[in-house]
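One structure is given below, encoded as structure tokens.
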Amino acid sequence: MRIKKPITTGSLIAIGLSIGSLFTEINAAETAFESKEPNKEEHKDNQHARHHPEKKMMEGMCGGNMRMDMKGMVMYENKDKLPKDCPEISEDITIEVKAGVKYAKQYPGTVFGFNEHQWQVKPCSRITVEFTNDDDIRHQWMIHGLPKYLYPKGMFHIEVNGPGKKTGTFIVPSSHFTYLVHCDIAQHMEKGMKAQLKVGNGRGDLPSIPGISAPKFADSFSTAK
Ligand SMILES: [Cu+2]
């Protein structure tokens, strides 16, 4: 049988004192935290963020690295932060991308398309994408697999809501790789808005790129029984 040590008045006082000093520290920290905020709006934001951390994250995304207006948006743009493996920018390149149903006509079975479905750039290039939407619906130019320490979720993304143009810039790392580019609106990639960006020699072709590669699993419309 275990014998519990009785709590003495002395130890209660000690606990009380340490709790007390903890509160003093918290108050001091809060005062320091608040006094660091000369801007009233910022102060309000921080107060708000402490109670609603999820909201702060969303605001961070909007204020942080997203340009958005009625016409569309550019998200996670990076004009000057070098990937760790790049000593410098190897070249500045601009690609003009057009999106629309008319670019799908030459590829049977597709509905949507880009004017080109493949681009090739040098390792460590800084790429400016001039993205034009020729349709009356939303389209995106979204690339995946970029380094996450520079691009949240490994993504850079331009979106244009209907006819118009948006321009954004990002920097690729040095490894030879094939990046997926697509439009993420439901069914647009499946119906042809899929492309690839090869850095250096790339790393093979992705499946189902219109005009470039066959699908991984071909459709079968056989009626034979
Ligand atoms: Cu689209």
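The values are calculated or read from the model by the stated rules, or taken from the named source; none is laboratory data. A quick note: this is a predicted structure, and the numbers were derived from the prediction, not measured. With ideal geometry, Cβ positions are generated from the backbone for all residues, glycine too; neighbour counts draw on all protein chains shown.
Answer yes or no as to whether I209 is modelled with pLDDT of 95 or more, of a type in the set (A, V, I, L, M, F, W, C) and farther than 27 Å from E88 by Cα.
Here the answer is yes, as I209 does meet what is asked.
Within the range 168-205, the residues that satisfy the criterion of being at positive phi and touching a strand residue (DSSP E or B) at 6+ places or on another chain (Cβ under 8 Å) are G192, G200, G202, G204.
Would you mind stating whether T110 is assigned by TED's automatic domain parsing to the domain that holds A195, within 16 Å of the ligand (Cβ to nearest atom), on the phi < 0 side of the Ramachandran plot and surrounded by 14 or more Cβ atoms within 10 Å (Cβ to Cβ)?
Details: assigned by TED's automatic domain parsing to the domain that holds A195: yes; within 16 Å of the ligand (Cβ to nearest atom): yes; on the phi < 0 side of the Ramachandran plot: yes; surrounded by 14 or more Cβ atoms within 10 Å (Cβ to Cβ): yes.
Taking the combined requirement at face value, the residue satisfies it.
Table: residues versus (1) in contact with a strand residue (DSSP E or B) (Cβ under 7 Å, 6 or more places away or on another chain); (2) assigned to a loop (DSSP other than H, G, I, E, B); (3) more than 20 Å from I171 (Cβ to Cβ).
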| position | (1), (2), (3) |
| --- | --- |
| K79 | yes, yes, no |
| K84 | no, yes, no |
| P87 | no, yes, no |
| K98 | yes, no, yes |
| K102 | no, no, yes |
| P108 | no, yes, yes |
| V111 | no, yes, yes |
| Q120 | yes, no, no |
| P123 | yes, yes, no |
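The set of residues from the range 130-144 being out of contact with any Ser or Thr (no Cβ under 9 Å at 6 or more places or on another chain) and either more than 10 Å from the ligand (Cβ to nearest atom) or over 11 Å from G162 (Cβ atoms) (or both) comprises T132, D134, D136, Q140, W141, M142, I143, H144.
Can you go through F217, F177, F156, F221 and tell me which one is more than 13 Å from the ligand (Cβ to nearest atom), touching a Phe, Trp or Tyr at 6+ places or on another chain (Cβ under 6 Å) and of a type outside the set (D, E, K, R)?
Being more than 13 Å from the ligand (Cβ to nearest atom), touching a Phe, Trp or Tyr at 6+ places or on another chain (Cβ under 6 Å) and of a type outside the set (D, E, K, R) holds for just one of F217, F177, F156, F221, which is F156.
In the range 131-225, which strands (runs of 3 or more DSSP E) lie fully inside it and hold 1 or more residues that are touching an Asp or Glu at 6+ places or on another chain (Cβ under 6 Å) and in the same structural domain as V111 (by TED's automatic domain parsing)? Where strands (runs of 3 or more DSSP E) fall fully within the range 131-225 and carry at least 1 residues being touching an Asp or Glu at 6+ places or on another chain (Cβ under 6 Å) and in the same structural domain as V111 (by TED's automatic domain parsing), they are 138-143, 164-171. Among the candidates F221, F170, F131, F217, the residue that is surrounded by 19 or more Cβ atoms within 10 Å (Cβ to Cβ) and free of Cβ contacts under 8 Å to residues at least 40 places away in the same chain is uniquely F131.
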